[in-house]
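The values are calculated or read from the model by the stated rules, or taken from the named source; none is laboratory data. Computed from a prediction, not measured in an experiment: that's the story for all the values here. Backbone-built Cβ (ideal geometry, glycine too); neighbour counts: all protein chains shown.
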Amino acid sequence: MHSVRLLGTPKTFRVGKIVCLGRNYYEHIRELGNEVPDQPVIFIKPATSIIGDGETVVIPPYSSDCHHEVELAVLIGKWGKNIAEAEAMEHVAGYGVAIDLTLRDVQNELKKKGLPWEIAKGFDTACPLSDFVPATEIADPHNLRLSLQVNGTLRQDSSTALMMRRIETTIHHMSTIFTLEEGDIILTGTPAGVGPVVAGDRMTAEIEAVGRLEVTVR
């Protein structure tokens, strides 16, 4: 089982599931030519997709088009089902930096066939993830700059203020489908600027007040 740390505390969390929100920034939706969804687009990554800071992404041999997506990660700190929006933030233990790696060629081909695309999102090393800072240290998670560089060149540079759906809304909705347990992680979507990475690249993702995450690719 993979565990994550809550910085400044002795607490570690065993990761259960990683529940991800797609299409949560308008500009990212537009850059991929997708429709703005009426309902949240949700998918899951297994905990086995997690790697930590300084580790290496391994692109599977069945893809030749792997894309980076920087995201704010939300660590769930207590059990909840059908969580009310007004109480949702009480379930957040901390915030971290994540990179949602996507095999875009595989995903697009599976979408055309109407098939699920977990193999494009959940492969081993598909979820680089930082340690988490306590939620109490982040005054407003909806007003944080997030960015990603590849080999020192800025690719993504935006703000969580541009999320379509706020964190409490996302937690509420997800908890009506999946029981959220201590150690679950929610990825909140990526802004515009996604693009390919190849073997030899170095990715550096940062979120203001939350942290920094650097991984290499092979």
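Return the pair list, or none, for Cβ contacts closer than 8 Å from residues in segment 111-123 that are under 22 Å from ILE99 (Cα atoms) to residues that are among the aromatic types (Phe, Trp, Tyr) and surrounded by fewer than 16 Cβ atoms within 10 Å (Cβ to Cβ), at least 6 apart or on different chains.
ILE119/TYR62
With respect to the numbered conditions (1) in contact (Cβ under 8 Å) with a residue 24 or more places away in the chain; (2) touching a His at 6+ places or on another chain (Cβ under 9 Å); (3) among the aliphatic types (A, V, I, L, M), which one is the sole condition not fulfilled by LEU144?
Every listed condition holds for LEU144 apart from (2).
Keeping to segment 29-56, report how many residues are of a type in the set (D, E, K, R) and closer than 20 Å to VAL197 by Cβ.
Residues flagged as of a type in the set (D, E, K, R) and closer than 20 Å to VAL197 by Cβ within segment 29-56 amount to 4.
Would you check if there is a residue in segment 153-175 being under 29 Å from PRO10 (Cα atoms) and small (Gly, Ala, Ser)?
yes
Quickly run through segment 1-28 and pick out the residues that are surrounded by 14 or more Cβ atoms within 10 Å (Cβ to Cβ) and modelled with pLDDT under 95.
Those that are surrounded by 14 or more Cβ atoms within 10 Å (Cβ to Cβ) and modelled with pLDDT under 95: HIS2, LYS11, GLY22, ARG23, ASN24, TYR25, TYR26, HIS28.
Kindly indicate which of THR176, THR153, THR169 is of a type in the set (Ser, Thr, Tyr), farther than 18 Å from LEU21 by Cα and surrounded by fewer than 20 Cβ atoms within 10 Å (Cβ to Cβ).
THR153
For segment 94-132, which positions are among the aliphatic types (A, V, I, L, M), surrounded by fewer than 22 Cβ atoms within 10 Å (Cβ to Cβ) and not in a helix (DSSP H, G or I)?
LEU115
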